[in-house]
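Computed from the coordinates by the stated procedures, all read-outs in this text should not be read as laboratory data. Bear in mind the structure is a predicted one, so any value in this text is a computation, not a measurement. Backbone-built Cβ (ideal geometry, glycine too); neighbour counts: all protein chains shown.
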Amino acid sequence: MKLIQTLAFLSIFLLFQNNVSGTSIAYDGLECLNATNANDITPNTTSLVQSRFEVIENSGEGIYRLTLTGGIPRVIDTSNNICIDSVTAIGYSGIPAIDGLPRRLDSIDATGYFNGRDLLIVISSMVTDLSAKNVPFLPFSTSQIFAITHTLIFEFDPQAQLFNLIKIIRNQGLTHTSESTNLIFPFLETVLPSFNDAARDKPKILTPPAPIQYRLE
């Protein structure tokens, strides 16, 4: 049995090493009903979505550049529900002169490390509430910008050819500029590297309440 597992580990590792383009892992689920509330795991029962990581480059030494489409599973510690976050996990992008307002992305780059048994994936996204305004007689304020990082930790099951998601580490930061009546500092800048449920809190370390298995494709 140990020999079979060793050969399976070797075969999947060589698959990632040699056949980079098109190698992917995927998980099917229901999209989250509430797009931006990380604590709401209510699924939209009419919206199926697929979370897919595809290898686009082998950077060597077990490190891979990936692309994420569909989003990632959203879980909390107090519920057995699971939905796929298709908004904050992928985020927004925009250059004013080119794009106008920031727009939602269809995919985002990610980075993975795989040693034949354990798979670690990191995704960093930017999300805006598009609330910027400059209305006469009203205080000036920019949009709230959230920088979000997800770290996904998988264990590979060689017999089933599945990657089991065992931990999700989530951190959300905030930046925001608003007007001030102070003549020396006319603007107030809020910069919080960690703002998940409250200012200056800690990143969340989440354990899926039920198996989340990504199949190898």
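Axis of helix 2-18 versus longest Cα principal axis of the chain: the two differ by about 50°, to the nearest ten degrees. Sorted ascending by nearby beta carbons within 10 Å, beginning with the fewest, 167, 204, 133 become 133, 167, 204. Taking each DSSP H run with n ≥ 4 as -39500 (n - 2.57) and averaging over every residue of the chain yields -3000 deg cm²/dmol at 222 nm.
Scoring 81-93, 48-60 by mean Cβ neighbours within 10 Å over their residues and listing the highest first yields 81-93, 48-60.
Considering the options 108, 44, 216, tell which one lies farthest towards the positive end of the dipole of the chain, charges being +1 on Lys and Arg and -1 on Asp and Glu at the Cβ, about the Cα centre. The residue sitting farthest along the positive end of the dipole is 216. For the options 148, 184, 169, a Gaussian network treatment of the chain with springs between C-alpha atoms closer than 10 Å singles out 184 as fluctuating the most. For the chain, the relative contact order works out to 17 percent when only alpha carbon pairs closer than 8 Å and six or more residues apart are counted.
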